[in-house]
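The values are calculated or read from the model by the stated rules, or taken from the named source; none is laboratory data. Remember, it's a predicted structure, so these values are computed and weren't measured experimentally. Please note: Cβ atoms are built from the backbone with ideal geometry, for glycine as well, and neighbour counts cover all protein chains shown. For accessibility, only protein heavy atoms count, side chains too; no ligands or nucleic acids. Shrake-Rupley method; radii C 1.70, N 1.55, O 1.52, S 1.80 Å.
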Amino acid sequence: MTLPLAEYPTRQPSYEEIRALARQAESAAFDSVWCFDHLLFREGGGPTEGIWESWTTLTALAEATSRIELGTLVLCTAFRNPAVLAKMAATLDSISNGRLILGLGAGWHRPEFEAFGLEFDHRAERFEEALTIIASLLRTGRAEFDGRYSWVHGGELRPRGVRASGPPILVGAFGPRMLRATARHADLWNGCWFGPPAAFEGALDGVRAACRDVGREPASLRLTAGVNVVPLGEATGRDPDQPVLSGTPADIAKGFAGYRDLGVEHLVCNLNPHHAAAQRQLAEALRCYRAEFDPSEE
């Protein structure tokens, strides 16, 4: 489940509110909470929408929680030096006792790049280089790489952290080049944002083709999906054309089961607006799913 870091749709949540929602999610037996990684939002010359920095927030949540997994959806590799990012990931994975899921992406919102003095060109190539460095450091502890945009000479990750191969790497991507990089280096692929599971099914062909292109068995790349969820009776400021999974807790639970049938092992639910009452409705959908559809709960 994603946590609300941005001021959309009405106001900026405080860290105390974000922490309370993360703790409520942990108490309700959610598997994971996720933070978006943005610097600001600014559309069409309109007013700026603010957002808290994701890594600082996630680090605080590692101390505020004890069991729930902590993920980034997705951390923009253009915002941070890739070798330093690998160091940060190993450190946070240790602080959280092995609860980090390192989601990575190339970024897409040009206004935030320009506002913070970051290069927006050749994003796929820059991402490929960054991912190569990050994966090598986390999995082997070392990296040697000379790229057009990134390089490391004698790169070494010490200490390695609590997991010998580092935290799992998730990549959120759709384009052919990005999907090939995912197939080469990632443990998990994430597609988003969907509503009912039928919309997700069409995205799988590109992922499987990318795996075959690089000589990887498609089944070895684990699938995750980001899903917009609107519980019954919740108002939303979303675009009405944006897909959502909605209805009663039982309806939403059936949607979860549909994703499971497509081979998705982890759903990242995005509530918006996200508040304590809406999260309780989502927790009820989770209980319905586990009671009716999850054989591990029998």
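Is it fair to say ARG11 is in a loop (DSSP other than H, G, I, E, B), at pLDDT below 95 and of a type in the set (Lys, Arg)? Full working, then the answer.
On the way: in a loop (DSSP other than H, G, I, E, B): yes; at pLDDT below 95: yes; of a type in the set (Lys, Arg): yes.
When the stated conditions are applied, ARG11 passes them.
So which residues in region 74-98 are surrounded by fewer than 23 Cβ atoms within 10 Å (Cβ to Cβ) and either among the basic types (Lys, Arg) or closer than 11 Å to VAL171 by Cα (or both), if there are any at all?
Within region 74-98, ARG80, LYS87 meet the criteria.
I'd like to verify a number: residues in region 113-127 that are within 22 Å of the chain's Cα centre (by Cα) and small (Gly, Ala, Ser), how many?
Looking only at that region, the number is 1.
Kindly indicate whether ARG238 is at pLDDT 90 or above, over 16 Å from LEU267 (Cα atoms) and of a type outside the set (A, V, I, L, M, F, W, C). Walk me through it before giving the result.
On the way: at pLDDT 90 or above: no; over 16 Å from LEU267 (Cα atoms): yes; of a type outside the set (A, V, I, L, M, F, W, C): yes.
So ARG238 does not fit the description; no.
Tell me, yes or no, whether region 119-141 has at least one residue that is among the β-branched types (Val, Ile, Thr) and out of contact with any Pro (no Cβ under 9 Å at 6 or more places or on another chain). Give the derivation first.
Here is the first cut: in region 119-141, the ones among the β-branched types (Val, Ile, Thr) are 132-134, 140.
Okay, now just the ones that are also out of contact with any Pro (no Cβ under 9 Å at 6 or more places or on another chain), so 140.
Yes; the residues of region 119-141 include at least one that is among the β-branched types (Val, Ile, Thr) and out of contact with any Pro (no Cβ under 9 Å at 6 or more places or on another chain).
For region 5-25, give me each residue that is touching a strand residue (DSSP E or B) at 6+ places or on another chain (Cβ under 8 Å), open to solvent by 30 Å² or more (accessible area, probe 1.4 Å) and under 24 Å from THR224 (Cβ atoms).
Passing the criteria: only TYR8.
What pairs come out if I take residues in region 135-155 that are over 17 Å from GLU125 (Cα atoms) and pair them with residues that are charged (D, E, K, R) and surrounded by 15 or more Cβ atoms within 10 Å (Cβ to Cβ) whose C-beta lies under 6 Å away, six or more apart or interchain?
Correct list of pairs: GLY141/ARG160.
Taking the stated definitions as given, is ALA253 open to solvent by less than 10 Å² (accessible area, probe 1.4 Å), closer than 22 Å to LEU73 by Cα and either touching a helix residue (DSSP H, G or I) at 6+ places or on another chain (Cβ under 8 Å) or outside any loop (DSSP other than H, G, I, E, B) (or both)? Steps first, answer last, please.
On the way: open to solvent by less than 10 Å² (accessible area, probe 1.4 Å): yes; closer than 22 Å to LEU73 by Cα: no; either touching a helix residue (DSSP H, G or I) at 6+ places or on another chain (Cβ under 8 Å) or outside any loop (DSSP other than H, G, I, E, B) (or both): yes.
In short, no.
Within region 229-250, identify whether any single residue is assigned to a helix (DSSP H, G or I), more than 14 Å from the chain's Cα centre (by Cα) and more than 27 Å from GLY107 (Cβ to Cβ), and answer yes or no. Working first, answer last.
Restricting attention to region 229-250, the residues satisfying the condition of being assigned to a helix (DSSP H, G or I) are 249-250.
The next check asks that each one be more than 14 Å from the chain's Cα centre (by Cα); those that pass are 249-250.
With the extra rule that they be more than 27 Å from GLY107 (Cβ to Cβ), the set shrinks to 249-250.
Yes, that holds for at least one residue.
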